[in-house]
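Notes for the one structure printed next.
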2 protein chains.
Amino acid sequence: MANKPSIPKGTRDFSPQEMLRRKYIFNTIEKVFQKYGYLPLETPAMENLETLTGKYGEEGDRLIFKILNSGNAWDGVSDNVKNAIKAGDAVPSGRLAAELSEKALRYDLTVPFARYVVQHQNEIAFPFKRYQIQPVWRADRPQKGRYREFYQCDADVIGSRSLVNEVELVLLMLDVFDALGLAVEIRVNERKILHGITQYFGVEDRAMEFITILDKLDKVNFEGLPEEYRKAGFSEFVVQELVPFLKQVQQPTEEIVWGKPTALNKKFAEKGLAYGSVGDLNVVAIIDGVKRARPDLTESQVVHDITLARGLNYYTGAIFEVKALEGSLRSSICGGGRYDDLTGIFGLKNMSGVGISFGADRIYDVLLELNKFSSHVGGSSDLLFVIPLDEDGPIRNSVTNWCIGLSMKLRRLGFSVEVYPDPSKLAKQFTYAEKKGIPYVAIVGESEMKEGKVTLKRMGANEKGDLMTIEELINKLKG
Amino acid sequence: MANKPSIPKGTRDFSPQEMLRRKYIFNTIEKVFQKYGYLPLETPAMENLETLTGKYGEEGDRLIFKILNSGNAWDGVSDNVKNAIKAGDAVPSGRLAAELSEKALRYDLTVPFARYVVQHQNEIAFPFKRYQIQPVWRADRPQKGRYREFYQCDADVIGSRSLVNEVELVLLMLDVFDALGLAVEIRVNERKILHGITQYFGVEDRAMEFITILDKLDKVNFEGLPEEYRKAGFSEFVVQELVPFLKQVQQPTEEIVWGKPTALNKKFAEKGLAYGSVGDLNVVAIIDGVKRARPDLTESQVVHDITLARGLNYYTGAIFEVKALEGSLRSSICGGGRYDDLTGIFGLKNMSGVGISFGADRIYDVLLELNKFSSHVGGSSDLLFVIPLDEDGPIRNSVTNWCIGLSMKLRRLGFSVEVYPDPSKLAKQFTYAEKKGIPYVAIVGESEMKEGKVTLKRMGANEKGDLMTIEELINKLKG
C-alpha cells in the first residue's frame, strides 16, 4: 500500500486527548444515570435487517448500513432476481440488496431497546430503567457535525405511566449539566397540547406534519414560520394566525399557567385541548415536581415552552429539550419525551415509557469552546522518570530498574507514572513529557540513585529542579 | 412482526447485571492501563476494505464482515462482472462482493492501531502508548465461547525497542489480576528462541508452521504433539526428538537459565540460538526486571516457558501468556508479545512495538465461576422508596413529592436512590427491589411524611422495619 491509509468518510478516529474528554463526559453522565437507578444495557452492533426496516420511514430505511451475507453471498440471491439480471431487465436493486444482506448496523438505540424489552419481557423487572451508550451508524451524507458513526447516550424507563419518571428525568438532566459545569435551560412541553393546537386550527389530520414544521422554529424563527406552513400547503388561517397565537400563549403571564381555569384555558378546553390518559396538567405537574425537589432553581432553568415540538413521531406525551445558556451553539444538547407504544412494533402493546438522549458530540463542542475541560479531565500521567544516560549499559540498566521499582511504589499510592524506556537525549525525553501533558519529570542518574533521591522538575517552569527524597517527591505529587 | 424478535446468531445482548460485571472488568483494567501511562484510543467500527484485506491470511479475509455500499450498490458493479452474470458464466462471487462493498467491520484492534499510527505519525509523541477497548466482528461459525461480535481490550506501546516496556507490561498484567483478585501465572518466552529451535532441528524454512503446531501443546499435551508434527509432514527427527528436547530444556534447573554460559546454552549458541537485535538475554532480563520491581512475587508467578509459542505470525521478540491458577478454564486469559514491523504493511518501517490483549469474555467466565464478582460490582441502587398507597390522589402526590425531595438529598450524599413511580401493591414494589438487588426499601406513607420519618426495611430480612429519622436513615446507608 503506497498511499497513506485513511478511514471511511464520515467516520472518526478519537485521539487519546479526545478520548479522555469523551470519557469524562460519558462517565459523568453514567454516574448520574446510576444515581437515579438507571442501569447499563448493550445490544449488538448488528441487528437482523427485519428488526430495523420500516421503523425509521422510507428515508431512514435508505440510510441503514447493510452487511453483506458472509460466505458466497451470491448463492443466496433468488432465481427470480438472477434471471432478471441475466435477461438484462432493470436490476431490482433494493431487492438485490435485501437478498444479499440479512443483517444491518443499528441506526439508533431506541429500536434495539424496544426489541430487547420484547425479547426479554419475562426476565425484566418493570418499570425497566436502562441506559445505553453505544455508537450508531447512518449512511447520511457527511457534513460538519454530521457523522456516519456517532455515539448515542440514552436513558429510558419503560412500563410506567407515572409522571414521577418525567420529574426525575428532568432532575437527572439538571444533575448531569451541573456536574459538567454547564448552565442550561430545560424546556418542557406536551404533545397533547400540540395536538390540541392542531384541533384549534382544524388541522388535526395533518398533525405530525404540523409538528415537524413547528420543530423548525429554532432555525427559521417566528418571522420565517408562516412561509414554512404556506410552502407545505396549510391554509391562510394557519399561516397568518398561528404565530400571533403562539406568541400570546407563550407570554409568561398568569393566563397561560396550564391547568388553571383561566379564560384562555377554557377556550382551549372547548377546542379539545384536554389532556389524555396519562393524566391532566402534565406540564404543570412536571415543572411543579421539579421545583419542589429543587427549590434552589431559578425561574428560567426549567420552563414550559408551548412551541417546543421535537421531530420524532413516536412521542405521545411530555417532551423535553435542553439548550446551553453559554457558548455559541444554539441547537439542543439533550432531549426526549414520553412514548406510549414503542414496543408495539414488536407485538408488545401498552408499554408506556419515557426517555432522554444526550448529544455527546455537541456537549463536547460546547465544553471545548468554553474551555471547561482542562481542570476536570484526568488521564495524563502525574510523573515521568527521565534517565540522563543516552547509551545502554549496566549503569543505565541499574538506574532503570530502580526507577521501575519507584514507579511501582508510586502507582500503589494511586499515581500514574511512566519511565521513559529508551536511551535518548534529555531534550527528547522532555518533549515526550510536554506532548503528553505530564506535569512533573523526575531526573534520575547514577548519583541520584546512589543517594536514593530524584531531581524533580516541574514542566514549563524555568528551574533546574530540586534534589529530594522519595518522601518529599510523594508529598510534592500529593500537593 | 408476529414472531418474537431475535438477534443475529453469534451476537449477544448484555443485560444490566452482565453489563455491570463487564464494566467492572473493563474499568479495573483501564485504571491500571492509565497508571502505566497508556491512554485511550478509539477507531471507527468501519475501515476501508483495503485497510483490512490481506492482513489476516486467506481464512481471515473470508471472515471479514463487509458492508454493502449504500445507495444503489448494483450501480457500482463493473460491466465485466455484470456481463459475466448475464452470460450465465460462473459467478465471480468474491469479486462481486468486492465490487458491492468498499467498507468492512474491523476484525481486530491491531490493524486499525497500525493504520492510525501511520496516518497520524506526525502528531504522535513516540513512544506511543495506547489502549483500546472496542468490539470486533468476525464471520466465524458461532460456537460455545466463540462469538461474531466480541470486545478486545489491548494495550500497545510502539516506537520503542527497550525491554522496559516488556517489564512494565508484565507488571501491568500482574496489577490487573491483583486488582481483580485472581491468582495467575504469567509465562514468558522469546520468538527468537523458538526460531533457534527450528534451526537446531533444521526446519527454519517452515518456522511459522512449526510454531503454530507448538502452540497446540496446551490442547494436545506432550503425548499428542509428535502426531501433530507427523501429520504436517515434518521429519521423523522432529517427530521423535522434539518432545524429549523440550522436556529437557523445560526442566527448572540451573542448566536452562538462559544466558548463563552452561553446556546446554553453548550447544544452542552453536546452532544459531543467539538472540537478535533487540538485545541478548531478553527473557532473563524481563523476568529479572519484574522480580526486582516485585520482590514479593513467588517463583512460579512469572516463569520462562520455552514451549510457549503464541499463534500470531507478527511476533518477533518476547511473547507472554497468562493463565488463571484458579477455576476450571485452562486456556489463556491474556497474552501478547513484541512485533518489529506492524506498521510496515502501511509503509512505515522500523517501528518496533509490544502489546498485550486481555480476553474479557474469558476473564468474565472465570470470575463468575469463582464467585469473585459479588463484593466488587456496584451499580444497584442503595435504596428504593416505596409508597403504600396503591391509588392516585393528592395524598399520594404529596408523599411522592416528599420522597423525590429526599432522594435528591441522598443522591447529593453519593447514594443511588429510586422512587417506585406507579401506584401499586406493596408486594409488587418489593418484588421490584428484590429483582434489582436493591438492599434497602424505605416505606413512606402519610403518617411517616407528617412525622418526617421513614420505615426502613432491609430486603430479605424477616422484620417489620424500623421507623427512623432521615439522619438515622443516612447513617444506616453509610454503615
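Scanning the stretch A:392-406 turns up one or more residues that are in a loop (DSSP other than H, G, I, E, B) and surrounded by fewer than 23 Cβ atoms within 10 Å (Cβ to Cβ). Pick from the stretch A:150-175 the residues that are touching a Leu at 6+ places or on another chain (Cβ under 9 Å) and within 13 Å of chain B (Cβ to nearest Cβ): which of them is farthest from A:Ile25 (Cα to Cα)? The residue in question is A:Ile158. For the stretch A:58-88, give me the residue count where each residue is under 36 Å from the mean Cα position of the chain (by Cα), within 7 Å of another protein chain (Cβ to nearest Cβ) and assigned to a loop (DSSP other than H, G, I, E, B). Residues that pass the stated criteria total 2. Take the conditions more than 14 Å from every other protein chain (Cβ to nearest Cβ) and not charged (D, E, K, R) and apply them to B:Ser352. Does it pass? Judged against the criteria, B:Ser352 is not a match. All of (1) within 29 Å of A:Ser380 (Cβ to Cβ); (2) open to solvent by 20 Å² or more (accessible area, probe 1.4 Å) hold for A:Glu58 with one exception: (1).
Of the residues B:Ile306, B:Ile387, which single one is over 30 Å from B:Arg187 (Cα atoms), β-branched (Val, Ile, Thr) and touching a residue at least 24 places away in the same chain (Cβ under 8 Å)? One residue alone meets the criteria, B:Ile387. Only one of the listed residues (B:Lys103, B:Lys31) is open to solvent by 10 Å² or more (accessible area, probe 1.4 Å), facing chain A (nearest Cβ under 7 Å) and outside any loop (DSSP other than H, G, I, E, B). That residue is B:Lys103.
If you go through the stretch A:106-135 and pick out every residue that is without any contact (Cβ under 8 Å) to a residue 60 or more places away in the chain, more than 10 Å from chain B (Cβ to nearest Cβ) and of a type outside the set (D, E, K, R), you end up with 2.
Counting only helices (runs of 4 or more DSSP H) wholly contained in the stretch A:174-267, the ones carrying 3 or more residues that are among the charged types (D, E, K, R) and modelled with pLDDT of 85 or more occupy A:217-231. When B:Val290 is tested against (1) assigned to a helix (DSSP H, G or I); (2) open to solvent by 40 Å² or more (accessible area, probe 1.4 Å), just one condition goes unmet, and that condition is (2). Of the residues making up the stretch B:428-459, those that are in contact with a strand residue (DSSP E or B) (Cβ under 9 Å, 6 or more places away or on another chain) and at the interface with another protein chain (Cβ under 10 Å from one of its Cβ atoms) are B:Tyr432, B:Ala433, B:Lys436, B:Ile438. Scanning the stretch A:358-387 for residues that are outside any helix (DSSP H, G or I), open to solvent by 40 Å² or more (accessible area, probe 1.4 Å) and away from chain B (no Cβ under 14 Å) turns up A:Leu370, A:Asn371, A:Lys372, A:Ser374, A:Ser375, A:His376.
For the stretch B:315-345, residues that are crowded, with 19+ Cβ neighbours inside 10 Å and over 30 Å from B:Lys372 (Cα atoms) total 9. Here B:Lys55 meets the list (1) modelled with pLDDT under 95; (2) not in a loop (DSSP other than H, G, I, E, B) almost entirely, failing just condition (2). Selection of first residues in the stretch B:78-96 that are open to solvent by 90 Å² or more (accessible area, probe 1.4 Å) and of second residues that are modelled with pLDDT of 70 or more and of a type outside the set (D, E, K, R), restricted to Cβ pairs under 7 Å at least 6 apart or on distinct chains, gives the following pairs, ordered by first then second residue: B:Arg95/B:Val81.
You will find that of B:Gly460, B:Gly414, B:Gly445, B:Gly452, the residue that is of a type in the set (Gly, Ala, Ser) and open to solvent by less than 20 Å² (accessible area, probe 1.4 Å) is B:Gly445 and no other.
Just checking, does the stretch A:143-156 include any residue being of a type in the set (Ser, Thr, Tyr), touching a residue at least 12 places away in the same chain (Cβ under 8 Å) and open to solvent by less than 10 Å² (accessible area, probe 1.4 Å)? Within the stretch A:143-156, not a single residue is of a type in the set (Ser, Thr, Tyr), touching a residue at least 12 places away in the same chain (Cβ under 8 Å) and open to solvent by less than 10 Å² (accessible area, probe 1.4 Å). Out of the residues in the stretch B:423-436 that are among the small types (Gly, Ala, Ser) and surrounded by 16 or more Cβ atoms within 10 Å (Cβ to Cβ), which is farthest from the chain's Cα centre (by Cα)? Top of the filtered list is B:Ser424.
Within the stretch B:36-49, the residues that satisfy the criterion of being within 7 Å of another protein chain (Cβ to nearest Cβ) and open to solvent by 10 Å² or more (accessible area, probe 1.4 Å) are B:Leu39, B:Glu42, B:Asn48.
Scanning the stretch B:136-168 for residues that are in a strand (DSSP E or B) and more than 11 Å from B:Arg338 (Cα to Cα) yields B:Val136, B:Trp137, B:Gln143, B:Arg146, B:Glu149, B:Phe150, B:Tyr151, B:Gln152, B:Cys153, B:Asp154, B:Ala155. Looking only at the stretch A:64-77, residues that are in contact (Cβ under 8 Å) with a residue 24 or more places away in the chain and open to solvent by 20 Å² or more (accessible area, probe 1.4 Å) come to 3 in all. Among the residues of the stretch A:293-302, those that are open to solvent by 40 Å² or more (accessible area, probe 1.4 Å) and either at the interface with chain B (Cβ under 10 Å from one of its Cβ atoms) or of a type outside the set (Ser, Thr, Tyr) (or both) comprise A:Pro295, A:Asp296, A:Glu299, A:Gln301. Scanning the stretch A:121-130 turns up no residue that is open to solvent by less than 10 Å² (accessible area, probe 1.4 Å) and either within 28 Å of A:Pro8 (Cβ to Cβ) or in contact with a His (Cβ under 8 Å, 6 or more places away or on another chain) (or both). For the residues B:Val303, B:Val322, the requirement of being at pLDDT 95 or above and farther than 24 Å from B:Asn350 by Cα singles out B:Val322.
The values are calculated or read from the model by the stated rules, or taken from the named source; none is laboratory data. Note that this is a predicted model, so its numbers are computed, not measured. A quick note on method: Cβ atoms are made from the backbone with ideal geometry, for glycine too, and the neighbour counts reach across all protein chains shown. Side chains are part of the model used for accessible areas, which takes the heavy atoms of the whole protein and leaves out ligands, DNA and RNA. Shrake-Rupley method; radii C 1.70, N 1.55, O 1.52, S 1.80 Å.
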